[in-house]
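For reference, the structure is listed below as structure tokens.
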Amino acid sequence: MSDVLLALLVTVPLVAAIFPLLFGLRYENAGWPIALAGSLVVTGLAGTLAWEIFTASTETGQRLVHEMAGYPAPYGIELVGDGLSALIALLISVVSVAVLIYSRSTGPGSNAFYSGFLLLMGGLLGMTLTGDLFNLFVFLEIVGLITYALVASDDSGMAAYGALKYLFLGTVGASLYLIGVGYLLVRTGSLNMLDLQARLADIGYTEPLVQAAFGFILIGLMLKIAVFPLHTWQPDAYTYAPDTVSAYISALVSTTAAYALIRISFDVFTVDFFAANQLITDAVVLVASISIVVGSLLAAMQTEIKRVFAYSSVAQFGMIVVAIGLNSRTALLGAVIHLVGHGLMKATLFMGAGILSSAYGATTISDYAGLAKRSPITSGGIAVTGLALVGIPPSIGILGKWYIALGAVESGSWSVAIIIFISTLLTLTYVARIIETLYFNPPEATHEETAASESVEHVAVGDEAVADGGLETRVATERIVVVAVLAVSTVALFASVDLFTELLDPVFGRFFQ
Amino acid sequence: MIEPTIRPLAAVAVSFVAAAFILASGRRPNLREAWTVLASVSMFGIVASMVPGVLAGEVYVTNLGTVLPGVDFVLRADPLGVLFASLASLLWIVTSFYSIGYMRGLDEHNQTRYFASFAVSVASAVGIAFAGNLLTIFVFYEVLSVATYPLVAHDETPEARAAGRKYLAYTFFGGGVLVLAGTVLVYWLTSLAPGAESATVDFTPGGISALANADPTAASVAFIVLALGFGVKAGLMPFHQWLPSAMVAPTPVSGLLHAVAVVKSGVFGIARVVLDVFGPETLADLGPASFGDLGIALPVAIIASITLTVASIIALRKDHLKRRLAYSTISQLSYIVLGLALLEGDALIGGLLHIPAHAFMKLTLFLCAGIIHVETHTDNISEMAGIGRRMPLTMTAFGIAAAGMAGIPLVAGFVSKWYIVIGALDGGNAVFAGVLLVSGVLNIAYFWPIVYQAFFETPDDHDTKPLLEGPFGGRDAIRADGSGRTDDHGTVDIDASVDPDANHEGGVHHAHDDTDEHHDDHHGHHGGPPAGGWPKRNWRGGESTWFMLGPILTAAALSLLLGIIPHTIVFMRIVETIVGNLPGVVV
């Protein structure tokens, strides 16, 4: 069966990426509308895909396949859309639209940026939908290269440094992944995921070459996901990138890499591989648990707001990877929910931080003192999302945590369960600090800041259209609206568990036969 | 009979909606306060409308759909829920008026945030009351923690922020870590029971049957984790530290939330766990054989006994009135927990009845402390000698409530304590009855001097207070504040880290002395009688505004009514219905 929807999802953004540059030759501001139109089309397509899978009753309807250029698998490359990839595609498209609306007034506004943005979206969707390991590498590289460029688009020296660091480490990660794929090709002669699954089952999971292949793929992708201690590129990249870019890549790039790890772990290597290699399973759980604890502690130690969020991602992805190692259906459901939830929450937090930084120049936690009175909506968004990240119900944050913890309890991994429960407090250590500073610390009247706030008020006097408590006229309304809507969505998605289970049940049915 | 209806949801929603209106009308204080009053009255009306039905055996249910497989987000008004909800909403009306008088009397900042947070806090307390399963109660439990944080940190001073941090850390350790863990454990244990979709965390009178047959060790762990998780808000030692620190909050917050809604939600959670999750019979069977009749509830009973004794002794040493009340709260909450943990019909009745009884009495006491603060800026007991001249009605109400705390007949505290003692003796646990009686003596020891000195001593001629001074163990204390006043700066003092006294000395509230027409203070003088002793005020309300006196007298009257005619004012009947519904419990 050939489903053209899948091909369109990947090709629309990739093709659209040409136009900002092309029309940019003539129109200065061509990039934004084209990028927005492209993202909206992709959102529609992703929504259709999810809906088709959601309503399908047959097994083929729940796993859509498109053979590229008509070459059948395993020789041709196929795109596969099932419940899992549909969810991630939906996340990518929704966050893309949100970030684009947010970026309209803040940029980086060059047409090249919007081309890059569309390319990145295409790459991410490609990673999500591909059913072929080498094809995944290609999209991984597309994503990587564009991300390096976008991080550096701030034009500052530190942005270039962050991008370069990411470039080196990201390339190492992609190379390790490629080596792993190479091993698999040498041993089995196939690159198609489902085909590999069958062949690996015949070969046996304890063969050193297979183990080594998994090891290389695991470490390569963990580097891309930024799990401790392979995270060192990530705080610099997130911190020095422009606000729009940090929101986008923090929400999606690591998320898609984690998706790829889930896909490869369960669709190619399968649960039997984990059962046969207890040592590898234990190592995954151990590294991920350390990542949860150390990431949270590092986040609590930071003073720069974007670094706090960056290290928080290290901890949160630790929770997702731990769920992979737990090898439990319940925990994996939690991991996918948390993957989506974390993407939304981090996008909101970075966008909120971006608003406060462009309005008041606030980039460190102490700069946030008393800002809640000046921009109540943005602060409220950050507070609500922060609490959702901690796992305070009702929010999507608690759903993911519930299932991962339940999975840990079910599989008898008590130490993991305890770490996950304690992670509430670990997350609280940095979230509470931000909220307290925002709401309860008196504003520090440093000269620089006083000057900044005065100028903001100055503008406000001349303009009746007050957006956010009356002082934030320099910040476009739509940026605040995006943050508010996303913050509300993190709460509203508390009721979304049916959507997740319905979409994921057929997929997990295959994973855990 | 189970009746699907919107009423439990309406009771919760009315105050969430009110919070939105309060935020929206922040610039018009009178309109804003009208929303608070309107919401509290309508919430009480909705809850009260369900009381007759509930007493007749109806259960009102609002089901908001499935959250997890087998777990719905459900609000359910059963007798136990109605007990707590009617209490919280009734006292919210009382406190609303008091809040208006208090906040305006002190000309506090950020009143909009204060009233909105207050509304959300009460809404989540009622949500906790009506929660139909562990997951729903967990959701509201966490919302309550979030909503009360701005109230604790209201002053925005370093002390208040530190207290807020401490509060968050403790409550999220209790809620986000322990209650969540316990809920997951219960869900897992019930999912192991035979039958598809057997996983449940629904409250069932007498306990979830699947838990009775579950692995005893795991079930015991689940019970202890849940009991401790709710115990954090219930002030069980060693998780009680947040409560004295949280006394930096404005007094109505200490009154309604830290004596009624928040701490009682912890106690209420323990009640749900004991009665409706595990059930007294299952609990008695769990645990090692050496635990005897009480089974796994024995450790909880022991912790409660220790808490109620130790907290009373600490209260003896406190000179700051609100702090002494905080330790008294910690002690009294453990009465309730002890009553529940004794697993015996009369003790359960006593424990549950002590929820409203303690609420009325302690609210009276806190409101008295608040009115004294507003009128005279006096916070320390040692400066209150002879204050009965200045505030006769207030101190009379204080005397009534204090007598109730000690278990003197005709006041609410007597009835509930009587039942707990009887229950302890009936169950063959005389040692716990002894603990309760000793605690009654301690209560008199730390409350009576306050009442006595108010009326029968003068500022010039009075005994030293507090009764115990200096650190326990007799080592000479180094005074952190350098003053001669013996306070709680002892070397073994376990709560020296955050001290509302510092707030008192910092003089945060005294900035508005000039605008307060009733005050007897001078600038630079922090509390205590003015030169020449307390002026005499009449008994017809000359001591303050009726905004504050009215609520105080109402709360005191309620404590008396509950002590004299417990059945007529319904609470006793609700409690008897709850206990009567439990299978296997003999009253």
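I'm trying to understand the selection: among the residues of region B:160-169, which are more than 7 Å from chain A (Cβ to nearest Cβ) and buried (at least 21 other Cβ atoms within 10 Å of the Cβ)?
B:Ala160, B:Ala163, B:Tyr167 - these are the residues of region B:160-169 that are more than 7 Å from chain A (Cβ to nearest Cβ) and buried (at least 21 other Cβ atoms within 10 Å of the Cβ).
Just for region B:171-191: of the residues that are facing chain A (nearest Cβ under 10 Å) and more than 18 Å from A:Pro393 (Cβ to Cβ), which one is modelled with the lowest pLDDT?
B:Ser191
Can you pull out the residues in region B:6-58 that are of a type outside the set (A, V, I, L, M, F, W, C), over 19 Å from B:Val94 (Cα atoms) and within 24 Å of the chain's Cα centre (by Cα)?
Answer for region B:6-58, where residues must be of a type outside the set (A, V, I, L, M, F, W, C), over 19 Å from B:Val94 (Cα atoms) and within 24 Å of the chain's Cα centre (by Cα): just B:Pro8.
Which one is farthest from the chain's Cα centre (by Cα), of the residues in region B:277-293 that are assigned to a helix (DSSP H, G or I) and crowded, with 24+ Cβ neighbours inside 10 Å?
Among those residues, the one meeting the criterion is B:Thr282.
Go through (1) facing chain A (nearest Cβ under 8 Å); (2) modelled with pLDDT of 85 or more; (3) surrounded by 23 or more Cβ atoms within 10 Å (Cβ to Cβ) one by one and return the number of the condition B:Phe115 breaks.
It is condition (1) that B:Phe115 fails.
Just checking, which of B:Gly70, B:Gly81, B:Gly101 is of a type in the set (Gly, Ala, Ser) and closer than 25 Å to B:Trp546 by Cβ?
The match here is B:Gly101.
Name the residue that is nearest to the other protein chains (Cβ to nearest Cβ), counting only residues in region A:489-513 that are surrounded by fewer than 16 Cβ atoms within 10 Å (Cβ to Cβ) and closer than 30 Å to A:Phe269 by Cβ.
Across region A:489-513, the extreme among qualifying residues is A:Asp498.
Scan region A:156-174 residue by residue and report those that are free of Cβ contacts under 8 Å to residues at least 40 places away in the same chain and either surrounded by 22 or more Cβ atoms within 10 Å (Cβ to Cβ) or of a type outside the set (A, V, I, L, M, F, W, C) (or both).
Within region A:156-174, A:Gly157, A:Thr171 meet the criteria.
Among the numbered criteria (1) touching a residue at least 12 places away in the same chain (Cβ under 8 Å); (2) within 11 Å of chain A (Cβ to nearest Cβ); (3) surrounded by fewer than 24 Cβ atoms within 10 Å (Cβ to Cβ), which one does B:Leu135 miss?
(3)
Might you check whether a residue that is under 22 Å from B:Thr568 (Cα atoms) and more than 18 Å from the chain's Cα centre (by Cα) occurs anywhere in region B:104-112?
There is no residue in region B:104-112 that is under 22 Å from B:Thr568 (Cα atoms) and more than 18 Å from the chain's Cα centre (by Cα).
What tally of residues in region B:194-223 results from selecting those that are without any contact (Cβ under 8 Å) to a residue 60 or more places away in the chain and within 14 Å of another protein chain (Cβ to nearest Cβ)?
Going through region B:194-223 one residue at a time, the tally reaches 6.
When the residues of region B:138-159 are filtered to those that are small (Gly, Ala, Ser) and more than 7 Å from every other protein chain (Cβ to nearest Cβ), which remaining residue is farthest from A:Val390 (Cα to Cα)?
Looking at residues that are small (Gly, Ala, Ser) and more than 7 Å from every other protein chain (Cβ to nearest Cβ), I get B:Ala147.
Considering each of A:Leu486, A:Leu426, A:Leu438, A:Leu406 in turn, give the residue that is at the interface with another protein chain (Cβ under 9 Å from one of its Cβ atoms) and either part of a helix (DSSP H, G or I) or at pLDDT 85 or above (or both).
A:Leu406
Within region A:409-422, track down each residue that is at the interface with chain B (Cβ under 9 Å from one of its Cβ atoms) and more than 15 Å from A:Ile324 (Cα to Cα).
Result: A:Ile418, A:Phe421, A:Ile422.
Does B:Ser305 satisfy the condition of being hydroxyl-bearing (Ser, Thr, Tyr), within 18 Å of B:Ala259 (Cβ to Cβ), assigned to a helix (DSSP H, G or I) and modelled with pLDDT of 85 or more?
no
Answer yes if at least one residue in region B:260-269 is part of a helix (DSSP H, G or I), more than 28 Å from B:Tyr102 (Cβ to Cβ) and away from every other protein chain (no Cβ under 14 Å), and no otherwise.
Yes, because at least one residue in region B:260-269 is part of a helix (DSSP H, G or I), more than 28 Å from B:Tyr102 (Cβ to Cβ) and away from every other protein chain (no Cβ under 14 Å).
Is there a residue in region B:57-69 that is more than 14 Å from every other protein chain (Cβ to nearest Cβ) and without any contact (Cβ under 8 Å) to a residue 24 or more places away in the chain?
no
Out of the residues in region A:386-400 meeting the condition of being facing chain B (nearest Cβ under 10 Å) and outside any loop (DSSP other than H, G, I, E, B), tell me which one is nearest to A:Ile434 (Cα to Cα).
Only one residue tops the list, namely A:Leu387.
Could you tell me whether A:Ile217 is crowded, with 23+ Cβ neighbours inside 10 Å, at pLDDT 90 or above, outside the structural domain of A:Ala89 (by TED's automatic domain parsing) and more than 29 Å from A:Phe350 (Cα to Cα)?
Yes, satisfied.
Output the residues belonging to region A:360-395 that are touching a Lys or Arg at 6+ places or on another chain (Cβ under 8 Å) and among the β-branched types (Val, Ile, Thr).
Within region A:360-395, A:Thr363, A:Ile365 meet the criteria.
Could we say that A:Ala372 is more than 9 Å from every other protein chain (Cβ to nearest Cβ), at pLDDT below 85, assigned to a helix (DSSP H, G or I) and in contact with a Leu (Cβ under 6 Å, 6 or more places away or on another chain) here?
yes
The values are calculated or read from the model by the stated rules, or taken from the named source; none is laboratory data. On a predicted model such as this, the values are computed, not experimentally measured, just so you know. Positions of Cβ are generated from backbone atoms using ideal geometry, with glycine treated the same way; all protein chains shown enter the neighbour counts.
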